[in-house]
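The structure appears right after this line, and notes come after that.
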Amino acid sequence: MIEIIILGRGGQGAQTAGNLLAQAFFAMGRQVQTFATYGGARRGTPVMSSLRVDDGPIRLRCNIVQADALLCFDDSLLDADFLALARPGARIVVNSPRTSQDLTGTGPHRIIPVDGRAIARRNDMGKVVNSALLGGFVAALGQPDIDTMCRIIEQSAPARKAENVAACREAHDLMAAIAEEA
Amino acid sequence: MNAPVLNEDMRLMNGNHAVAWGVRLAVPDVAPLYPITPQTPILEKLIEFQSQGQFKAELLTPESEHSAMAGCIAASALGARVFTATSSQGLLLMHELLHYAAGARMPIVMFNVNRTPAAPWGFWPDQIDSLSQRDTGWVQLYTENPQDSLDTVIQAFRIAESAGLPVMVNHDAFYVSHSVEPVSLPSADLVQSYLPRQAREIKLDTTIGRSVGAPVDQVQWNRTRREMQIAMAGIADLTVQAGQDWAALTGRKSAPLEFYKTEGAEIVLVTMGSMTGTARDAVDRLRADGVKAGLLKLRLFRPLPLADLRAALARFGTALVLDRNYSPGTGGVLHQEIKAALFGMDDAPGLHGLLAGVGGVSVPVETLEALAREHLGAPTSPDPIWVE
């Protein structure tokens, strides 16, 4: 089983990102379970989305204690509580213009930054970063397949379909190049 | 029931949308609804279906849950098939009319999303909202995953309309209501054949001079409760039949009590709602390690299937009751109910009441596994134990 946690602020699309990622894994024949927990949900407050992926039925109904991969929509949320949810060796992708060296200073984990804001802007997506972050995250995780991910984004995006797909693919390709170097 | 096996008929949806699909397929005539977190996606999906012309029920959106239930009673009294949904504060605001609906024998189906009541404010999975309505005369069923919720809400119409009693189906906030996973949708024809319209005994008709719920004397009121007892006594069999007929059509089994790996079990976990899924994994881990553990899922809570529960529990040395609720001054409601159910039994199991997940606290599989090891054959106490 792969366990994934996505953390963002209400309105950024963390819950949507969890759903899109689940759909991509599901389209590849995997079993999925994704759920978000939030309180009095309002824009700006932290929202956590959890995703489990497995080959068989998923029956667990509890929070993820140690995630295999984490995606953080906002580097201001990258604190010790969040990093404690990472299994040793987990992949942590964070939306940040900072460098990997700057971010690894916060703990013993290897943190991979994706400048989602810059990629979104380059692709005429304004402040909407979730397609770019999904592309980067998929590259860091090595799955699901990027073409499947892009197809799901294209089907689901309510507007700017081509721009969403382009942002996803650009982030993926940038990250894949970095992964090859490392 | 187990999580569904993946096949090409599966669609990804959350538990609340699975309920909305079940309701759409059950084709109610009237649906009075008021939004509340975390029930709102049920209402939103039904409105979406209505806007697409796929849901023809009269959707009423009054100013409160109390009025929503008043609308349910009035529509049901005219013979309509009626659905509503709510959660927590909303269910509690309906409380007065829950008694009315049951006393007037209205076969309303309600879906409640289990959520902590205030104070303090919370939005978390906890079953005290519906368990505190146990004396209102509603049948209560609890489901463990989105597929179970879809299947059970459809079965609830059959049970309600056969018994002339209202039925409340419950699932836990977030862990089921907002959990997106593969769900198999039955066809509209299949559900229509499963849910034929039944002639109603108690029904208002403008051509016949008649009242429903009019003032009565003491003896007449007393008689209504005796009649409700008779109706309640038939619910377990109706639930069994509803489950068997559904399984014949869909292959998915369900029953008032469900068992998982209880053959030769020395310890059994007793669960209700979403924790059942985690407990299945805990049982697998314990069995793999040589601990003879099993699971008893209570799907029908009201009326409690007493005879079957006693017969089932007599087979085990130790029973751990897991309560995701807390009744101040007593403990877990399910623990209380099962203690009472075991009254006078010589071969009752050693019973332990564990307050696990109260307030929506996450209960990981490792915790359930450790609890089972710790309590296997341990001395019992009537008092509840808070799980850390």
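Just one of the listed residues (B:F157, B:F123, B:F111) is more than 17 Å from the chain's Cα centre (by Cα) and either touching a residue at least 60 places away in the same chain (Cβ under 8 Å) or crowded, with 24+ Cβ neighbours inside 10 Å (or both), namely B:F123. Of all residues in the range A:60-83, those being closer than 14 Å to A:E3 by Cβ and assigned to a loop (DSSP other than H, G, I, E, B) number 7. Residues that are modelled with pLDDT of 95 or more, out of contact with any Ser or Thr (no Cβ under 6 Å at 6 or more places or on another chain), within 16 Å of B:D245 (Cβ to Cβ) and part of a helix (DSSP H, G or I) occur at least once in the range B:162-178. Pairs linking a residue in the range B:26-51 that is of a type in the set (D, E) to a residue that is outside any helix (DSSP H, G or I), with Cβ atoms under 6 Å and 6 or more positions apart or on different chains, are B:D29/B:A57; B:D29/B:A80; B:D29/B:R81.
Just one of (1) part of a loop (DSSP other than H, G, I, E, B); (2) away from chain A (no Cβ under 14 Å) fails for B:L249. It is (1).
Would you mind telling me which numbered condition in (1) more than 30 Å from B:I230 (Cα to Cα); (2) in contact with a helix residue (DSSP H, G or I) (Cβ under 6 Å, 6 or more places away or on another chain); (3) within 14 Å of chain A (Cβ to nearest Cβ) B:L286 fails? In the conditions (1) more than 30 Å from B:I230 (Cα to Cα); (2) in contact with a helix residue (DSSP H, G or I) (Cβ under 6 Å, 6 or more places away or on another chain); (3) within 14 Å of chain A (Cβ to nearest Cβ), B:L286 misses (3) alone. With respect to the conditions (1) surrounded by 24 or more Cβ atoms within 10 Å (Cβ to Cβ); (2) away from every other protein chain (no Cβ under 14 Å), B:T271 falls short on a single one, namely (2). Filtering the range A:41-65 to residues that are farther than 19 Å from B:G360 by Cα and of a type in the set (S, T, N, Q) leaves only A:T45. Only one entry of A:G89, A:G11 meets the criterion of being without any contact (Cβ under 8 Å) to a residue 60 or more places away in the chain, outside any strand (DSSP E or B) and surrounded by fewer than 23 Cβ atoms within 10 Å (Cβ to Cβ), and that entry is A:G11. Among strands (runs of 3 or more DSSP E) entirely within the range B:289-388, having at least 3 residues that are surrounded by fewer than 16 Cβ atoms within 10 Å (Cβ to Cβ) singles out no element at all.
Selection of the range B:32-56 for residues being surrounded by fewer than 23 Cβ atoms within 10 Å (Cβ to Cβ), modelled with pLDDT of 95 or more and not in a helix (DSSP H, G or I) yields B:P35, B:I36, B:Q52, B:G53, B:Q54, B:F55, B:K56.
The values are calculated or read from the model by the stated rules, or taken from the named source; none is laboratory data. Note that the coordinates shown come from a computational prediction; the quantities given were computed from them, not determined experimentally. FYI the Cβ positions are ideal-geometry reconstructions off the backbone, even for glycines, and counts take in every protein chain you see.
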